[in-house]
Amino acid sequence: MMRVGMLTSGGDCQALNATMRGVAKTLYNADPDTQIFGFEEGYRGLMYNDYILMKPNDFSGILTKGGTILGSSRQPFKLMRVPGENGFNKVEAMKATYRNLKLDCLVILGGNGTQKTANLLSEEGLNIVSLPKTIDNDIYGTDMTFGFQSAVDIATNAIDCIHTTAASHGRVFIVELMGHKVGWLTLHAGIAGGADIILLPEMPYNFDAVLMAVKQRNKAGKRFSILAVAEGAISQEDAQLSKKEYQKKKANSPFPSVSYELGKRIQDALGQEVRIVVPGHTQRGGSPDAYDRVVASRLGAAAGRMVLEGKYGCMAAFRNNEIVPVPLKEVAGKLKMVDPKSDIIREARDMGISFGNEL
Ligand code: F6P
């Protein structure tokens, strides 16, 4: 009979529960006596020994439920191996919980920061199997993260809804989408929603090129333009700044985000009305879509199998439609970014989509 810990850490997304269900069903199917300890609010639960001894029923009826039944938290620590104030050593605390509960392994669902900590715990001798969660799709080593497809659907719907009103009023609309430092979500939703201009962090934009793209549409009698802009998009001038200089500039900017600054510049330059739409956390909410449910179930089942076969120190990853274990040390600390030279960018350009850097 195995004793398995499970936790969800970092920002939530739509298919966390579907993925845990896949893991749990696989483990209970192999041995109905399996004990699953669900740690509450991510690593915090592991650190402070807050857990629920789950029952098979807890994993029923959650395939379509967004969020996470275990709760989540952002990582509450930085220098993870050293004791913090008052001498509390968080890593040792997590190891103690693992040891005291006599766990055989820990299944960890999370994004980049979570994978880094999972790797650290693996290096510290815990048996870890991890799963790639995030709407950002930026986890290194996997073609696909669960949560991504559902977020693409929501972001696409936001762009879809803007088309008619943009056309009626002859306005420029900027739809600002999540994705943290990468542009996967904006790229996919931008293409799916028929955006005219797509701005990504990986491809710093030139303001004159953005303006030219809008002007060309106006000249062609299109009356409106839709820009899908990643929250991490950056201008070519700003991309020249050091990280510190850029952070200072952002902190002193009167604009809440890159879209508002860009919108004001376009409006001032063209005299055409600009509106900003920020779907924000709606992109992480609600039920997983059908595709994500399949991705999550497959990843969950594969992770369950990895637990049963003792393939520890690895993340279950999607590669060429197969699920393979990838060593955590290959994943930790890296970011998967959009390649500006990739086929998808070329194909989008071939269809006339501007990436705001065509001058
Ligand atoms: O990583 C997922 C994500 O939604 C990013 O796209 C976004 O930048 C960030 O989390 C928002 O974080 P929070 O939920 O802490 O506001």
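The values are calculated or read from the model by the stated rules, or taken from the named source; none is laboratory data. Not measured: the values here are computed from a predicted model. Please note: Cβ atoms are built from the backbone with ideal geometry, for glycine as well, and neighbour counts cover all protein chains shown.
List every residue pair whose Cβ atoms sit under 8 Å apart, with the two residues 6 or more apart in sequence or on different chains, where the first one lies in the range 27-50 and is loosely packed, with under 14 Cβ neighbours inside 10 Å and the second, anywhere, is assigned to a loop (DSSP other than H, G, I, E, B).
ASP31/MET1; ASP31/MET2; ASP33/MET1
Among the listed residues LYS244, LYS222, LYS181, identify the single one that is in a helix (DSSP H, G or I) and either away from the ligand (no atom under 16 Å from the Cβ) or among the basic types (Lys, Arg) (or both).
LYS244
Can you tell me which of GLU309, GLU330, GLU358, GLU273 is surrounded by fewer than 20 Cβ atoms within 10 Å (Cβ to Cβ) and modelled with pLDDT under 95?
That would be GLU358, the only listed residue that is surrounded by fewer than 20 Cβ atoms within 10 Å (Cβ to Cβ) and modelled with pLDDT under 95.
If a residue must be outside any loop (DSSP other than H, G, I, E, B) and within 16 Å of the ligand (Cβ to nearest atom), how many such residues does the range 247-276 contain?
Of the residues in the range 247-276, the ones outside any loop (DSSP other than H, G, I, E, B) are 247-252, 258-270, 274-276.
Of the ones still in play, those that are also within 16 Å of the ligand (Cβ to nearest atom) are 247, 250, 258-259.
The total comes to 4.
Kindly provide the set of residues from the range 188-200 that are in contact (Cβ under 8 Å) with a residue 40 or more places away in the chain and outside any helix (DSSP H, G or I), ordered by number.
Of everything in the range 188-200, those that are in contact (Cβ under 8 Å) with a residue 40 or more places away in the chain and outside any helix (DSSP H, G or I) turn out to be ALA195, ASP196, ILE197, ILE198, LEU199, LEU200.
How do the pairs read when you match residues in the range 1-24 that are more than 16 Å from the ligand (Cβ to nearest atom) with residues anywhere that are among the basic types (Lys, Arg), using Cβ under 6 Å and keeping only pairs 6 or more apart or on different chains?
Close Cβ pairs satisfying both conditions: ARG3/LYS102; ASN17/LYS65; ALA18/ARG293.
Take the residues of the range 229-241 that are more than 16 Å from the ligand (Cβ to nearest atom) and either of a type in the set (A, V, I, L, M) or in a helix (DSSP H, G or I) (or both): which is nearest to PHE355 (Cα to Cα)? Working first, answer last.
Looking only at the range 229-241, we keep the residues that are more than 16 Å from the ligand (Cβ to nearest atom), and these are 235-241.
Filter once more, keeping what is either of a type in the set (A, V, I, L, M) or in a helix (DSSP H, G or I) (or both): 236-241.
Values: GLN236: 12, GLU237: 16, ASP238: 16, ALA239: 15, GLN240: 18, LEU241: 21 Å.
Ranking the candidates gives GLN236 first.
Exactly one condition in (1) more than 16 Å from the ligand (Cβ to nearest atom); (2) of a type outside the set (Lys, Arg); (3) surrounded by fewer than 24 Cβ atoms within 10 Å (Cβ to Cβ); (4) modelled with pLDDT of 95 or more is not met by GLY71; state its number.
Tallying (1) more than 16 Å from the ligand (Cβ to nearest atom); (2) of a type outside the set (Lys, Arg); (3) surrounded by fewer than 24 Cβ atoms within 10 Å (Cβ to Cβ); (4) modelled with pLDDT of 95 or more, GLY71 fails exactly one: (1).
Quick grid of which residues meet (1) crowded, with 21+ Cβ neighbours inside 10 Å; (2) aliphatic (A, V, I, L, M):
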| position | (1), (2) |
| --- | --- |
| ALA167 | no, yes |
| LEU187 | yes, yes |
| GLY193 | yes, no |
| LYS215 | no, no |
| ALA230 | yes, yes |
| SER235 | no, no |
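Looking at ILE198, is it away from the ligand (no atom under 16 Å from the Cβ) and closer than 27 Å to SER287 by Cβ?
yes
Pull out all pairs, ordered by first then second residue, where Cβ-Cβ is under 9 Å, the residues are six or more apart or on different chains, the first lies in the range 244-257 and is exposed (fewer than 11 other Cβ atoms within 10 Å of the Cβ), and the second is among the charged types (D, E, K, R).
Partner pairs satisfying both residue conditions: PRO254/GLU261.
Considering only residues that are closer than 18 Å to ASP292 by Cβ and not in a loop (DSSP other than H, G, I, E, B), which ones fall in the range 1-25?
Within the range 1-25, the first condition is being closer than 18 Å to ASP292 by Cβ, and the residues that meet it are 8, 10-25.
If the condition is that a residue be closer than 18 Å to ASP292 by Cβ and not in a loop (DSSP other than H, G, I, E, B), then THR8, LEU16, ASN17, ALA18, THR19, MET20, ARG21, GLY22, VAL23, ALA24, LYS25 are the ones that fit.
Hey, could you check the range 51-76 for residues that are charged (D, E, K, R) and touching a Ser or Thr at 6+ places or on another chain (Cβ under 9 Å) and say which is nearest to LEU109 (Cα to Cα)?
Result: ARG74.
This table checks each residue for (1) polar (S, T, N, Q); (2) within 16 Å of the ligand (Cβ to nearest atom); (3) over 15 Å from LEU299 (Cβ atoms).
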| position | (1), (2), (3) |
| --- | --- |
| GLU124 | no, no, yes |
| LEU131 | no, yes, no |
| ASP143 | no, no, no |
| ILE159 | no, no, yes |
| GLU176 | no, yes, yes |
